[in-house]
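Following: one structure in structure tokens, then a few remarks.
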Amino acid sequence: MDRAFIVSILIITIRAGTSLLYATLGEIFTERVGILNLGVEGIMIMGAATAFSAAYYTNNPWIGLFVAIIVGCFLGLIHAFLTVTLRADQVVSGLAMTIFGTGLASFMGQRMGPGGTTMIGLQGPSFKRFPFPLLNQLPILGPSFFNQDILVYILYLLIPILWFFLYKTRPGLKLRAVGENPRASDSMGIDVAKSRYLYTIFGAILISIAGSHLSLGYLQGWAENITGGRGWIAIAMVIFATWNPLRAVLGALLFGGINAIQFRMQAAGTTIPASFLNMMPYIFTILILVIITWWEAFRKRIGAPAALGLPYVREEKD
């Protein structure tokens with residue numbers, strides 16, 4: 001393989017994995033605090049739809065990103081209210097979020113174009129790739145990792161910051177404590193409800209940003225079912241990463257790499273059916289998930305928060 005081919009594969013790998021990694025990081029923080037959010041797909045596609053429509057009509061991708069953040073905050077608040085305050089079933093709430101989000105995004109895609117027409121096929125403003133000074137001169141890695149859009153560069157900083165926050169700071173310790181034992185955390189003076197609200201909303205914001213990257217950075221346009229099941233893959237990647245932000249990077253790169261390879265195989269005119277090639281990233285994700293789950297179960301170190309999915313009811317003192 002020549003250098004140009006390797007660089008092209010790495011570029012697509014990073015771009016395809018970026019949205020998945022944003023969503024996975026958001027779900028990690030949500031689950032770390034004990035809240036299961038199966039609405040990732042719905043939040044992602046709503047972030048993609050609102051970001052693209054806002055950017056299209058304002059001709060400014062930053063406004064589109066800002067709108068996606070607001071939408072993510074709102075949807076995260078709804079999920080937190082249902083699961084923390086009303087103590088609704090977290091699985092049902094998340095699935096309802098996915099059904100609502102995909103349905104509303106589909107409706108928007110058919111009606112939010114010029115004159116009430118479809119948005120499908122429209123091209124709007126987007127975050128363009130630009131070379132990062134000096135680092136883009138590195139052989140192979142430079143044009144691959146440092147010739148990306150701004151959301152990718154932000155992610156490079158976000159990953160170590162989130163890891164450091166989660167494992168090396170007192171607020172991160174409190175976050176993990178709430179997910180492991182909310183009753184003990186409450187007895188130590190930690191506001192469990194406040195923590196769950198905060199990180200559920202924060203996680204939803206990252207998930208919505210993941211969707212905005214699809215329509216403003218990766219695909220740079222709107223398409224029906226633009227997320228293509230990436231929200232469900234992000235949930236699987238959380239298990240693959242054992243709720244660790246650094247390990248999530250590997251999962252995102254694996255998915256992005258398989259995605260890039262199948263694109264190149266299609267472009268090369270391979271005789272393998274295109275529908276099978278499109279299945280490759282998802283088949284690979286399932287296989288990796290099965291292997292890592294079996295391996296971790298064997299070692300009894302899966303690492304899931306002990307209180308994940310369980311509502312917390314504070315005991316009232318007489």
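The values are calculated or read from the model by the stated rules, or taken from the named source; none is laboratory data. Owing to the predicted nature of the structure, the values given are computational and were not obtained by experimental measurement. For neighbour counting, all protein chains shown are included, and Cβ atoms are generated from backbone atoms with ideal geometry for every residue, glycine included. SASA here: full protein model, heavy atoms, side chains in, ligands and nucleic acids out. Shrake-Rupley method; radii C 1.70, N 1.55, O 1.52, S 1.80 Å.
Among the residues of segment 118-128 satisfying the criterion of being surrounded by fewer than 17 Cβ atoms within 10 Å (Cβ to Cβ) and not polar (S, T, N, Q), which is nearest to P61 (Cα to Cα)?
So the first thing to find is which residues in segment 118-128 are surrounded by fewer than 17 Cβ atoms within 10 Å (Cβ to Cβ), and the list is 118, 120-121, 123, 128.
Now narrow it down to the ones that are not polar (S, T, N, Q): 120-121, 128.
Numbers: I120: 18, G121: 17, K128: 10 Å.
Filtering segment 118-128 for residues that are surrounded by fewer than 17 Cβ atoms within 10 Å (Cβ to Cβ) and not polar (S, T, N, Q), the one nearest to P61 (Cα to Cα) comes out as K128.
Enumerate the pairs (first residue in segment 38-51 and at pLDDT 95 or above; second residue anywhere and crowded, with 24+ Cβ neighbours inside 10 Å and among the acidic types (D, E)) with beta-carbon separation below 6 Å, excluding pairs fewer than 6 apart on the same chain, so at least 6 apart or on different chains.
From segment 38-51, the pairs are V40/E27.
Just to verify a result, which residue in segment 90-117, among those that are of a type in the set (V, I, T) and within 26 Å of the chain's Cα centre (by Cα), is most open to solvent (accessible area, probe 1.4 Å)? Spell out how you get there, then give the answer.
Here is the first cut: in segment 90-117, the ones of a type in the set (V, I, T) are 91-92, 98-99, 102, 117.
Keeping just the survivors that are within 26 Å of the chain's Cα centre (by Cα) gives 91-92, 98-99, 102.
Working: V91: 61, V92: 93, T98: 15, I99: 123, T102: 47 Å².
So, considering only residues that are of a type in the set (V, I, T) and within 26 Å of the chain's Cα centre (by Cα), the one most open to solvent (accessible area, probe 1.4 Å) is I99.
Within segment 227-243, can you find the residues that are within 16 Å of T98 (Cβ to Cβ) and crowded, with 24+ Cβ neighbours inside 10 Å?
Of all residues in segment 227-243, those within 16 Å of T98 (Cβ to Cβ) come to 227-236, 238.
T227, R230, G231, I233, A234, V238 - these are the residues of segment 227-243 that are within 16 Å of T98 (Cβ to Cβ) and crowded, with 24+ Cβ neighbours inside 10 Å.
Is segment 162-175 home to any residue that is in contact (Cβ under 8 Å) with a residue 24 or more places away in the chain, part of a helix (DSSP H, G or I) and either in contact with a Ser or Thr (Cβ under 8 Å, 6 or more places away or on another chain) or among the small types (G, A, S) (or both)?
Residues of segment 162-175 that are in contact (Cβ under 8 Å) with a residue 24 or more places away in the chain, as a first pass: 162-163, 166, 175.
Okay, now just the ones that are also part of a helix (DSSP H, G or I), so 162-163, 166, 175.
With either in contact with a Ser or Thr (Cβ under 8 Å, 6 or more places away or on another chain) or among the small types (G, A, S) (or both) added as a condition, the list becomes 175.
For segment 162-175, residues in contact (Cβ under 8 Å) with a residue 24 or more places away in the chain, part of a helix (DSSP H, G or I) and either in contact with a Ser or Thr (Cβ under 8 Å, 6 or more places away or on another chain) or among the small types (G, A, S) (or both): present.
Might you let me know whether segment 76-84 holds any residue that is at pLDDT 95 or above, small (G, A, S), more than 21 Å from A307 (Cβ to Cβ) and not in a loop (DSSP other than H, G, I, E, B)?
As a first pass, look at segment 76-84 and keep what is at pLDDT 95 or above: 76-84.
Now drop any that are not small (G, A, S), which leaves 76, 80.
Subsequent filtering for residues that are more than 21 Å from A307 (Cβ to Cβ) retains none.
No.
Which condition number does Y56 fail, the rest of (1) open to solvent by 40 Å² or more (accessible area, probe 1.4 Å); (2) free of Cβ contacts under 8 Å to residues at least 60 places away in the same chain; (3) more than 23 Å from P131 (Cα to Cα) being met?
So the condition that Y56 fails would be (2).
Yes/no per residue for (1) buried (at least 19 other Cβ atoms within 10 Å of the Cβ); (2) within 19 Å of F255 (Cβ to Cβ); (3) not aromatic (F, W, Y):
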site	(1), (2), (3)
F5	no, no, no
A16	yes, yes, yes
T24	yes, yes, yes
N37	yes, no, yes
G42	yes, no, yes
I45	yes, yes, yes
F52	yes, no, no
I70	no, no, yes
